[in-house]
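Step one of this worksheet: look at the structure below.
The values are calculated or read from the model by the stated rules, or taken from the named source; none is laboratory data. As the structure is a prediction and not an experimental result, all values here were calculated from the model. Methodologically, a virtual Cβ is constructed for each residue, glycine included, from the backbone with ideal geometry; neighbour enumeration extends over all protein chains shown.
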Amino acid sequence: MMQKKVVVVGAGAAGMMAAGTAAEFGASVTLLEKNPRVGRKIMITGKGRCNLCNNCDIPTFISNVPTNGRFLYSAIHHFSPGDTMVFFESLGLPLKTERGNRVFPASEKAVDVVDTLRDYVTNSGVRIVNDTARALLTENGEAVGVKGERETYCADSVIICCGGKSYPLTGSTGDGYTLAKQAGHTVTELKPSLVPLESSDPECKSMQGLSLRNVALNIIDNHSKKEIYSDFGEMLFTHFGISGPMVLSASSHIREMPDGRYTAVIDLKPALSAEQLDKRLQNDFRENANRDVSNAFSKLLPRKIIVPVLKRWGVPFDKKCNVITREERHALCGILKGFTIPLSGFRPIEEAIVTSGGVRTAELNPKTMESKLVHGLYFAGEVIDCDAYTGGFNLQIAWSTGRLAGECAAY
Ligand SMILES: Cc1cc2nc3c(=O)[nH]c(=O)nc-3n(C[C@H](O)[C@H](O)[C@H](O)COP(=O)(O)OP(=O)(O)OC[C@H]3O[C@@H](n4cnc5c(N)ncnc54)[C@H](O)[C@@H]3O)c2cc1C
């Protein structure tokens, strides 16, 4: 059989997996990357520690992919989270599994993941070229190459792995969507996912930088009055609204965000029942009996949130603690157990962890990742209309689709 020529566009997670795999399966592979260095986005994943996959079974994986999870059945069966772990460990990268089955390199360094992948790619014989793909070349409905800024690259198969539109400084500027459209593909609406949330509440700005640990967060749909997200953990206030791990996760449970539709409700004291909290307040007020109520919270609450709590409470700041009524105390308990932040929108896609939307899955063969419109054209990774929750699932999409596309493109 003649050796296939494969061009892979984008040396991110999916691209390096696809290129190395295609070379392993006998193809002559050129990997185009617009940055001088490969894997720039991987470097910032998991706060520099790279949560590279989730050590879970396939149904759990699929349930963590809210957009087109079922499209990934073949890819994930072909290259599962377990296969991902074996893959990296057999390349000499020890891994460890943390809370929630999140898998990290034992060194806790994302750069080790990048180095492992780069070595895998080069040792498999892939030629890495620093060039930016500008156009897809097709003839009679077949992919025949890629026109780069510097050179033109002929190919029997092309795999597009340009990522999404988030964190564009890493190189993921949405070029994959342009290339896909050139081939006649539909690109579904692009939206931010796993993204901080904006609030019109000016008090968020005054609490900017305040990080809350061990709080409970609920997101309430004001129309249906239903709770659409609930978690316990860490979040923070920013000049525009709220962010942090729980908030990013919450964002991927919200499709549209018309102003006023959703409210974030924070339980500032989830470890205490309402009765326990009331007792605690009685004690604090007793200890501060002759002081202004505004001075009674230094042990209970972080400094930056005291004024916003007092404002929501509505009791004069200089009211003495010993004249606070039972009703007033109960109202305060309600505020501490349900501190509300009205939500007004998502932060822009550039600040999102992943881009939701992309190349329409119905136009791709799920068993190969090949385009149904252009023979020899493949897609892998975030450029496809699939996105997942946090926990290593997004990188798993890149590994599984990259592996499948690489293998199929090499045949
Ligand atoms: C801050 C942050 C933290 C994250 N943490 C995690 C995590 O811990 N776990 C997890 O599972 N996911 C995480 N993600 C998501 C994950 O990084 C992405 O889903 C994943 O990197 C997508 O892989 P990809 O290969 O499709 O795209 P990318 O990794 O974005 O790679 C695309 C590559 O293509 C190149 N490229 C683009 N256009 C061209 C062109 N025209 N010519 C040549 N090259 C081009 C880019 O420069 C880039 O190198 C995180 C994302 C961010 C932003």
Checking the structure you have, find out if any residue of the range 326-340 is of a type in the set (A, V, I, L, M, F, W, C) and either within 30 Å of N68 (Cα to Cα) or at pLDDT below 95 (or both). no
Check off (1) of a type outside the set (S, T, Y); (2) crowded, with 24+ Cβ neighbours inside 10 Å; (3) without any contact (Cβ under 8 Å) to a residue 60 or more places away in the chain for A352 and give me the number that stays unchecked. (3)
Subset of the range 252-300 [under 30 Å from R347 (Cα atoms), at pLDDT 95 or above and not β-branched (V, I, T)]: Y262, A264, D267, L268, K269, P270
Could you tell me whether the range 203-213 includes any residue that is polar (S, T, N, Q) and farther than 28 Å from A271 by Cα? no
Single residue of N68, N51, N55, N64 found to be closer than 29 Å to D156 by Cα and either within 10 Å of the ligand (Cβ to nearest atom) or of a type in the set (S, T, N, Q) (or both): N68
Top-ranked residue of the range 2-20 - restricted to ones that are out of contact with any strand residue (DSSP E or B) (no Cβ under 9 Å at 6 or more places or on another chain) and closer than 27 Å to Y389 by Cβ, ranked as nearest to the ligand (Cβ to nearest atom): A13
Looking for something over 30 Å from L190 (Cβ atoms) and without any contact (Cβ under 8 Å) to a residue 40 or more places away in the chain - is there at least one such residue anywhere in the range 239-258? no
Could you tell me whether the range 83-104 includes any residue that is touching a residue at least 24 places away in the same chain (Cβ under 8 Å), in contact with a Ser or Thr (Cβ under 7 Å, 6 or more places away or on another chain) and under 30 Å from T152 (Cβ atoms)? no
When you go through F285, F297 one by one, which is the residue that is buried (at least 17 other Cβ atoms within 10 Å of the Cβ) and not in a helix (DSSP H, G or I)? F297
Pull out all pairs, ordered by first then second residue, where Cβ-Cβ is under 8 Å, the residues are six or more apart or on different chains, the first lies in the range 151-179 and is on the phi > 0 side of the Ramachandran plot, and the second is more than 11 Å from the ligand (Cβ to nearest atom). G174/L190
Go over the candidates L93, L117 one by one and state the one that is within 17 Å of A398 (Cβ to Cβ), more than 14 Å from the ligand (Cβ to nearest atom) and not polar (S, T, N, Q). L93
